[in-house]
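Below: the structure, in structure tokens.
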Amino acid sequence: MQAGWDIEIRRLLLSLLAGVLLGALAGSVAWGVALALAGVLAWHAYRLRQLIRWLDSKGRRFHPPDAGGIWDDVYLRIYRLQQRNRKRKRKLGKMLNRFQEATAAMPDAVVVLNRDNEAEWWNDSASRLLGLQNPRDVGQRITNLLRHPDFRAYLEAGDFSRPGPVIASPVKEQAELAIRVVPYARNRRLLIARDISHLQRLEQVRRDFVANVSHELRTPLTVINGYLESLVEDERLGPEHARIMREMHEQALRMQQLVDDLLMLSRLESGQAMEPETVVDVAAVLDEVVNEARRVGEGKSHRLALEADPDLRLLGRPNELRSLFSNLVFNAVRYTPPGGEIRVRWHRDDQGRPVFEVSDTGIGIAAHHIPRLTERFYRVDVGRSRQEGGTGLGLAIVKHVLMRHGGQLEIESEVGVGSRFRAVFPAERIADEAESPRPIAPVPLPGR
Ligand code: ADP
């Protein structure tokens, strides 16, 4: 740089000197100097033009021309800058390629959405699983491409902290896709769809297995129970044998209850409509359930009060609802010590929703157990549950029945004070006054 400047200053001084000398000889030093400066200016203008041409032709004439003086420095600096930029560009290009190769190799469909939920970019799996086509669908709203109502509702709700719905693939036959939207940057979203068909199939195999085993066990158990029932009453047995028979009968009944609950649960899980929906006279069903509970819990001398709105009838599946009611009532009987109070209510809450509520003054449940109570076989005290004849499946059944009726379960409890279970149904399930309840075929109450 310094060398370039030195040459440039020397050139300027020499030009000025030549101008002064020639001006002195011609009789006007000022004109000589002016001419010399004009020459210097013209020379720099020429070099500047050359530089612009070189910049315009970059790529074709890659190496800088030999310009001399300060211009060599200028060319060299621009040249180095360009080299550096080229390297950076190549590196970025490679990184982009690698990223695209990695996302293309992903088995999950990935779609980049802009703030208006328009598809900007997607990988190969998105074409395979979601049917997006390049370039036809670029810039299209994703809800026009994936028209499933659950997906639309999930996207519109905007709560992406939870996983999205499972929907059928619009192009791949029998493929079930678990949808997830992940917001990133500012107003950008990544839509990820994972093919979970194999998991669904495994789950189906598990469900079928449980259902088949329960079904196969049912008949032999009924026979065993029948014989045991008559044996228990056989007066020819000595006291010791009578005790053994009674215990065997009790355990066989427990097993039967377990098998019945498992069957009920697998039917509920598989989503099979076991029975059509009808208008259920809930107050009448509760009357039966509560009477049965009074009979079963006789030894405990509970105060069991029923308060049911006879005009509040529900649209639902009667057997499932009966199971829900009796599971909650019998739990209260089971986990409330003798002399305790149990209150069963069927009413509309202040938002007009039908609510089934069971409160007791029983042993209560510690707060950390509450979120897990509806898991299959989850019990706070396994020994106590078994002793009371519980199967550990009651609340799982309650949860499924409620899910199938669009309702939800609310649990409040305090250890040593009591519990309150509320099954809240949507207001739309209230049956019209004019509709008369169809008679419900009596079904055996769960033996609890
Ligand atoms: P179980 O057949 O064991 O009663 P559930 O699924 O009906 O199974 O209930 C799960 C667990 O929740 C029970 O084992 C018990 O620990 C607890 N539970 C349910 N209802 C009550 C209640 N009313 N009071 C206290 N604990 C309860």
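Tell me the per residue accessible area of the chain using a 1.4 Å probe; a whole number in Å² is fine.
In whole numbers, the chain has 59 Å² accessible per residue.
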What angle, in degrees between 0 and 90 and rounded to the nearest 10, separates the Cα long axis of helix 2-26 from the longest principal axis of the Cα atoms of the chain?
-> 30 degrees
Over the C-alpha atoms of segment 166-226, what are the Rg and the largest Cα-to-Cα span, Dmax, in Å?
-> 20.5, 69
Once both label points are put 7 Å beyond Cα along the C-beta direction, the Ser301-Glu216 separation in nm becomes 4.9 nm
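Determine how many Å³ per residue the convex hull of the Cα atoms of segment 144-278 encloses.
On the way: hull volume 25.4 nm³, N = 135.
Looking at segment 144-278, the number lands at 188 Å³ per residue.
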Relative contact order of the chain: what whole-number percent is it, with Cα pairs under 8 angstrom and at least 6 residues apart?
-> 9 percent
Please give, to one decimal in nm, the separation of the simple spin-label points placed at Glu203 and Met106, each 7 Å out from Cα toward the Cβ.
-> 2.2 nm
Unit Cα scatterers, Debye sum, the chain: log10 I(q)/I(0) for q = 0.06, 0.09, 0.11, 0.12 Å⁻¹ | -0.51, -0.81, -1.04, -1.13
In nanometres, the difference between 0.36 nm per residue of separation and the alpha-carbon distance of Arg186 and Met403 is 74.5 nm
Please list 197-210, 105-118, 327-340, 87-100 highest first by mean number of surrounding beta-carbon atoms within 10 Å per residue.
-> 327-340, 105-118, 197-210, 87-100
For segment 64-123 and segment 27-49, distance of Cα centres in Å = 44 Å
Please turn the phi angles of segment 224-229 into ³J(HN,Hα) values with the Karplus equation 6.51 cos²θ - 1.76 cosθ + 1.60 (θ = phi - 60°), one per residue in order, whole Hz, x for glycine and proline.
-> 4, 4, x, 5, 5, 4
P(r) tail for segment 259-410, what percent of Cα pairs lie past 28 Å?
-> 17 percent
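What relative contact order, as a whole-number percentage, does segment 199-270 give when Cα pairs under 8 Å and 6 or more residues apart are counted?
Details: 38 pairs, mean separation 38.1, N = 72.
It comes to 53 percent, rounded to a whole number.
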Segment 2-98: percent of C-alpha pairs farther apart than 15 Å?
-> 70 percent
Provide the per-residue ³J(HN,Hα) series for segment 168-185, in order, calculated from phi with Karplus coefficients 6.51, -1.76, 1.60 and θ = phi - 60°, each as a whole number of Hz, with x at glycine and proline positions.
-> 7, 5, x, 10, 8, 4, 6, 8, 9, 10, 8, 9, 9, 10, 10, x, 8, 6
Cα-Cα pairs in segment 106-195 separated by more than 16 Å, as a whole percent of all pairs, come to 47 percent
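The values are calculated or read from the model by the stated rules, or taken from the named source; none is laboratory data. In this text the structure is predicted, and so the values were computed from the model without any measurement. No Cβ is skipped: glycine too gets one built from the backbone with ideal geometry, and neighbour counts run over all protein chains shown. Accessible surface is based on the protein model in full, side chains and every heavy atom, while ligands, DNA and RNA are left aside. Shrake-Rupley method; radii C 1.70, N 1.55, O 1.52, S 1.80 Å.
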